[in-house]
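Working notes for the structure below.
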Amino acid sequence: MADTFDAVQLAHGSGGSLMRALIEEVIAAEFSDVQLEDAATLSFPEATGAASDVRLSFSTDTFVVHPLFFPGGDIGHLAVCGTVNDVATAGAIPRYLSVGFVLEEGLPIEDLKRILRSMCEVAREANVALVTGDTKVVGRGQGDGIFINTSGIGVIRPGLELSASNVQVGDKILLSGSLGDHGICIVSVREGLEFGTNITTDAAPLSGLIAGVLDAAPHTRCFRDPTRGGLASTLNEIADSSGVAMAVEEDAVPVHDQVRGACEMLGYDVFQVANEGKMVAFVPADEAEAALAAMRADRYGAEAAIIGEVVEGTAGRVALRNTFGATRIMDTLVGEQLPRIC
């Protein structure tokens, strides 16, 4: 699909089907060693001897969100949270981050200081160290203020093997909280929209939440944060990877009323709207209640819910069931719903 275009389109950054095609058919086709997970798993048996394998989770992400500041956060806060969460999805304890800045000529120094302070604050909360980085400056009009790259490293729990390919029929699907807060927050500020209430970003470091779930449900199959492309794209990607079908109960999915109303007004599908502080977990049925309790015990998981299950059916198919028993396909995002939300 990606190579049907002669040039990169904005929609290739959406997190949906076009972005997946670009990564799989163009980028991964050239980079033979790339791992198509949120974070790569790296082994170093030579570090301590083969009997005691050291495994690291490594991830990198680049943030180009516009505007730079929004209710509840900013590009710096988002950059640290995003990479911490990607490292943690492999079952790792995040330890170190690098930071790369591309600064545009004319960026106010006070804005830069505000972003740096925000990064330091959330790094302290996540107990990660910002240890190295790089800074480049581009001409006025060439960088939109600031772009940030963060890369992270964490240590994976011994014996833990999390992967989207591990998901099995009968597993329960857990979501750590309400959908769509970040995407609607960004569009409301960008477009100057008033929804009668203050919608704030959900961006948050979730490594502690993930650790709690693994303590309570040690046979958890995988985690994934539903960022660009939203919950729909995330579930479809995992269903394809594991060759299973999924059934999601629409009424079980937490969505704040103001976000639901904004999506209806704007014509957005809330299941395709980006999130930056939510986590999806696939857990064996007999550990699901314990995992849910662990999520709800975390400050960022109070609204967590079991939203569906993995079922027999057409591989890769994700169905959404409503109150009346009717079902529809939960489609992957196609095209670009809202660019530059992270």
Checked pairs for segment 241-263, first in the same structural domain as Gly192 (by TED's automatic domain parsing), second buried (at least 18 other Cβ atoms within 10 Å of the Cβ) and of a type in the set (Ser, Thr, Tyr), C-beta under 9 Å and 6 or more apart or across chains, list as Val253/Ser178; Pro254/Ser178; Val255/Ser178; His256/Ser178; Val259/Ser178; Ala262/Ser188; Ala262/Tyr268
Might you let me know whether segment 67-79 holds any residue that is crowded, with 23+ Cβ neighbours inside 10 Å and assigned to a loop (DSSP other than H, G, I, E, B)?
-> no
Residue within segment 198-211 that is under 21 Å from Val64 (Cα atoms) and either more than 18 Å from the chain's Cα centre (by Cα) or not assigned by TED's automatic domain parsing to the domain that holds Gln272 (or both) present = yes
Of all strands (runs of 3 or more DSSP E) fully inside segment 237-342, the set with 3 or more residues that are over 24 Å from Leu78 (Cα atoms) is 245-249, 305-311, 318-321, 327-329
If you take the residues of segment 11-49 that are farther than 23 Å from Gly183 by Cβ, of a type in the set (A, V, I, L, M) and in a helix (DSSP H, G or I), which of them is modelled with the lowest pLDDT?
-> Ala47
Within segment 279-298, restricting attention to residues that are more than 17 Å from Val169 (Cα to Cα) and in contact with a helix residue (DSSP H, G or I) (Cβ under 8 Å, 6 or more places away or on another chain), which residue is most open to solvent (accessible area, probe 1.4 Å)?
-> Ala297
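The values are calculated or read from the model by the stated rules, or taken from the named source; none is laboratory data. Note that the structure is predicted; figures quoted are calculated from it, not measured. Virtual Cβ from ideal backbone geometry, glycine too; neighbours counted across all protein chains shown. Areas reflect the complete protein model, heavy atoms only, side chains present, ligands, DNA and RNA absent. Shrake-Rupley method; radii C 1.70, N 1.55, O 1.52, S 1.80 Å.
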